[in-house]
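Engineer: My questions will all concern the structure given below.
The values are calculated or read from the model by the stated rules, or taken from the named source; none is laboratory data. Source: prediction; values computed, not measured. All Cβ positions, even for glycine, are placed from backbone atoms using ideal geometry, and neighbour counts span all protein chains on display. Note: accessible area is taken over every heavy atom of the protein model, side chains too, but ligands, DNA and RNA are not part of it. Shrake-Rupley method; radii C 1.70, N 1.55, O 1.52, S 1.80 Å.
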Amino acid sequence: MTRKGWVVAAAVVLIAVAATVIVTRSGDDQTTPGAQPAPVTTANVDRGKLSAMVSLNGTLAYRARSDGSAYSVINQARGTYTALPDDGVDVRCGDVLYRVDDKAVLLLCGSVPAYRGLQEGDAGNDVRQLNQNLHDLGNNADVDPADNQFTAKTRQALGALQRDKGLDVTGQLHIGDAVFLPDSVRIAKVTGDLGGSAQPGAPVLSATSGTLEVHVDLEPLQQSDVKQGARARITLPGNQSVTGKVDRLGRVAQSPADQNNAGQNNNAGDATIPAYISLDDPTKAGGLDRAPVRVEITTDGVDDVLSVPVTAIIGRSGGGFAVEVVRDGGRHEQIAVALGLFDTTAGRVEVDGDLREGEHVVVPSR
């Protein structure tokens with residue numbers, strides 16, 4: 001929502017929650033001559049920072065691709081699936097992912113999928129990521145992780161890894177020997193069948209990272225306000241509160257009915273944009289996959305402004321807003337104010353008018 005939109009929304013709320021609506025007289029002085037004002041409850045006019053927030057529902061999920069979808073693991077070996085992982089299992093880079101004809105298929109880290117066998121003399125980005133894996137796994141400290149050449153050092157280190165994982169020690173990486181994914185993974189769903197036929201090019205399982213994040217869908221009025229990097233507070237099941245930030249925003253809007261009513265006309269104004277929020281400490285949300293959460297994202301902020309409690313705002317008969325200030329000697333005076341940023345968390349609103357920090361405004365008694 002734009003800043004103007006926040007002011008309008010705040011005004012509506014303020015009118016609803018204000019305890020009293022004061023009808024302005026011809027003058028500003030609201031004191032009745034000779035009358036002793038009754039005791040009132042007051043609050044300070046403060047100067048400081050205010051923040052605006054968007055509140056919405058979200059879902060905890062394990063992070064995967066930038067659009068939230070899981071990695072698809074494509075098998076390149078030929079034979080029979082003799083071992084498959086269970087859903088929810090964590091597999092690190094360099095470990096056995098599954099087995100075909102009782103031969104291990106390794107998970108290696110890299111963004112380039114396996115598309116050919118690799119041997120000494122080859123060069124390319126796929127060779128570079130193999131060297132990076134061999135270096136990180138410690139099979140040969142002399143392997144240069146930035147080298148895109150399959151050298152004798154690569155062959156020696158690969159042979160050591162094959163020996164360690166129970167593979168045939170060839171010093172070559174056949175196309176069906178490993179699967180490359182960007183990082184260590186958590187198994188999301190196994191689609192291959194134990195004892196079933198393993199065919200090159202067929203998906204065998206899907207996987208995510210092992211790190212939890214929050215997925216939310218932004219409404220049209222929220223999409224221009226929520227920015228990448230914005231801070232967020234997430235309330236987990238059990239009312240535990242954790243912090244995070246907006247990690248990335250989706251690029252494709254989706255109608256709520258897109259999946260269930262493909263081909264039907266949908267209102268573009270109802271389309272939402274997905275946003276993904278990383279947790280500062282994901283371990284605090286451990287074991288809560290697919291759990292519903294409440295999210296508050298900080299969308300705007302102002303520094304060094306005057307503010308009053310929202311309940312101090314009163315409506316004026318001719319339009320606009322005011323606050324009732326208690327002056328020296330107990331004299332009450334109504335001051336017209338213009339409203340600015342509405343801080344839903346602090347319950348305060350920015351005001352601009354003939355006010356000073358430290359003055360006292362009337363608020364409803366509790």
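Engineer: Applying the selection to the range 344-361, what residues are open to solvent by less than 30 Å² (accessible area, probe 1.4 Å) and either β-branched (Val, Ile, Thr) or touching a Leu at 6+ places or on another chain (Cβ under 7 Å) (or both)?
Structural biologist: At the first step, the residues of the range 344-361 found to be open to solvent by less than 30 Å² (accessible area, probe 1.4 Å) are 347, 349, 351, 355, 359, 361.
If the condition is that a residue be open to solvent by less than 30 Å² (accessible area, probe 1.4 Å) and either β-branched (Val, Ile, Thr) or touching a Leu at 6+ places or on another chain (Cβ under 7 Å) (or both), then 349, 351, 355, 361 are the ones that fit.
Engineer: If I ask for residues that are touching a strand residue (DSSP E or B) at 6+ places or on another chain (Cβ under 6 Å) and either open to solvent by 20 Å² or more (accessible area, probe 1.4 Å) or closer than 23 Å to residue 70 by Cβ (or both), which ones from the range 168-182 would you list? Give the steps one after another, and end with the answer.
Structural biologist: Step one: list which residues in the range 168-182 are touching a strand residue (DSSP E or B) at 6+ places or on another chain (Cβ under 6 Å), which gives 173, 178-181.
Selection gives 178, 179, 180, 181.
Engineer: Can you name the residue in the range 320-358 that is more than 27 Å from residue 53 (Cα to Cα) and in a loop (DSSP other than H, G, I, E, B) and is also farthest from the chain's Cα centre (by Cα) among such residues?
Structural biologist: Among those residues, the one meeting the criterion is 331.
Engineer: While we're here: Of all residues in the range 194-221, count the ones that are assigned to a loop (DSSP other than H, G, I, E, B), under 25 Å from residue 242 (Cβ atoms) and not β-branched (Val, Ile, Thr).
Structural biologist: 3
Engineer: Residue by residue through the range 115-155, note down the ones that are surrounded by fewer than 17 Cβ atoms within 10 Å (Cβ to Cβ), without any contact (Cβ under 8 Å) to a residue 24 or more places away in the chain and outside any loop (DSSP other than H, G, I, E, B). Walk me through it before giving the result.
Structural biologist: Filtering the range 115-155 down to residues surrounded by fewer than 17 Cβ atoms within 10 Å (Cβ to Cβ) leaves 115-117, 119-121, 123-125, 136, 138, 141-142, 144-146, 148-149, 152.
Filter once more, so that each one left must be without any contact (Cβ under 8 Å) to a residue 24 or more places away in the chain: 125, 138, 141-142, 144-146.
125 - this is the single residue of the range 115-155 that is surrounded by fewer than 17 Cβ atoms within 10 Å (Cβ to Cβ), without any contact (Cβ under 8 Å) to a residue 24 or more places away in the chain and outside any loop (DSSP other than H, G, I, E, B).
Engineer: Mind checking which residues of the range 173-197 are within 12 Å of residue 113 (Cα to Cα) and within 22 Å of the chain's Cα centre (by Cα)?
Structural biologist: Residue satisfying the conditions is 182 alone.
Engineer: Next up: How do the strands (runs of 3 or more DSSP E) wholly within the range 36-82 filter down when requiring 3 or more residues that are touching a His at 6+ places or on another chain (Cβ under 8 Å): which remain? Please lay out each step first, then the result.
Structural biologist: Details: elements: 41-44, 46-62, 71-75.
Because the criterion is at least 3 residues that are touching a His at 6+ places or on another chain (Cβ under 8 Å), the strands (runs of 3 or more DSSP E) in the range 36-82 that meet it are 41-44, 46-62.
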